[in-house]
Amino acid sequence: DAGITQSPRHKVTETGTPVTLRCHQTENHRYMYWYRQDPGHGLRLIHYSYGVKDTDKGEVSDGYSVSRSKTEDFLLTLESATSSQTSVYFCAISVRGQTYNEQFFGPGTRLTVL
Amino acid sequence: GENVEQHPSTLSVQEGDSAVIKCTYSDSASNYFPWYKQELGKRPQLIIDIRSNVGEKKDQRIAVTLNKTAKHFSLHITETQPEDSAVYFCAASRSNDYKLSFGAGTTVTVRA
C-alpha cells in the first residue's frame, strides 16, 4: 500500500462548514496528489505537491486548498463545503520505479456534504 | 492539457472469454500509459503500464498495446475470471510531468 494512509476514512458534514482531509506517507516521496472520484468522471486531479510548501492546481481545484508543511503530510481543505463536493477523495504518491510516474493510491475518504 | 477517452464504459463478458478496453489520448508528447484496476470500495491499483518505446507488454493474462501514430492504447484480458470484475482506468502522462490524466473508467463484469 506504499505506506499511505488517509484520515478520516468517512465524514459527513453540513454545507458551509470547513473540512480538512489528511494524507500521510511514511516513505519520503516527493510528489503527492489529491484526486476526487465521481461516477462517470474517473479520477480528477484537484491539487498536487512536488515538495514541502510547493503545490500546484489540478483540473478541478476551485473550492479546495492544500498545504504541505512536512514531507509526510499533504492536507486538503474545503473552506466552505458544498453538496457538489460530496465525493470519494483519494490521495496518491508518485514513485520512481522501473517506469517513472508510477502512482500509488491511499485507501480513500468518503465525504458526504448534506 | 491531455484528454483521455475510454471505451466502453461498461463491458460484460462470459467467464473464459476475452475483454478489451480501448483508450485514446490527445497529447502526442505523452509517453507513459498505466492501467489501474479498482474493486468495489477499494483503492485503484496499478496493474500494468507501458512506455512509448514499447508496442506491447504482457503480464500473465493481461496485455497492453500502444499505437503512438493513432494515439490509442488498449488493455486485453484473456481467459477472464470472476475476480477480474472491477472498474478499469487508463491514464496517460508525459515523462517530464508527474501528473496523470485518467479516462472515465470501464466497469467490467465477468458472468459465471
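Every number in this text was worked out from the coordinates using simple rules, so none of it is lab data. From a predicted model like this one, the values you see are computed outputs, not experimental measurements. Backbone-built Cβ (ideal geometry, glycine too); neighbour counts: all protein chains shown.
Summary of computed values
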item: For B:97-106, mean number of other protein chain Cβ atoms within 10 Å; result: 6
item: Extreme residue, positive dipole direction of the range B:1-53, given options B:Ser12, B:Leu46, B:Tyr32 (C-beta unit charges); result: B:Leu46
item: Of B:Glu39, B:Glu83, B:Glu15, the one that fluctuates the most in a GNM where chain B has Cα springs shorter than 10 Å; result: B:Glu83
item: Cβ-based charge dipole, chain A, positive-most Cα from A:Ala92, A:Gly63, A:Gly16; result: A:Ala92
item: Electrostatic dipole magnitude of chain B [Cβ: Lys, Arg +1; Asp, Glu -1; Cα centre; debye, to 20]; result: 260 debye
item: Unit charges on C-beta of K, R, D, E only; dipole of chain A, Debye; result: 120 debye
item: Residue range of chain A that is longest and free of trypsin sites (Lys or Arg not before Pro) which are both DSSP loop and sparsely packed (at most 13 other C-beta within 10 Å); result: A:10-52
item: Rg ratio (alpha-carbon, reference 2.2 N^0.38 Å) - chain B; result: 1.01
item: Convex hull per residue volume in Å³, alpha carbons only, for the protein assembly as shown; result: 116 Å³
item: Within 10 Å of each Cβ in B:29-39, the average number of Cβ atoms from other chains; result: 2
item: Amide proton proximity set for B:Asn31, modelled H, under 5 Å, gap of 5+; result: B:Ser93, B:Arg94, B:Ser95
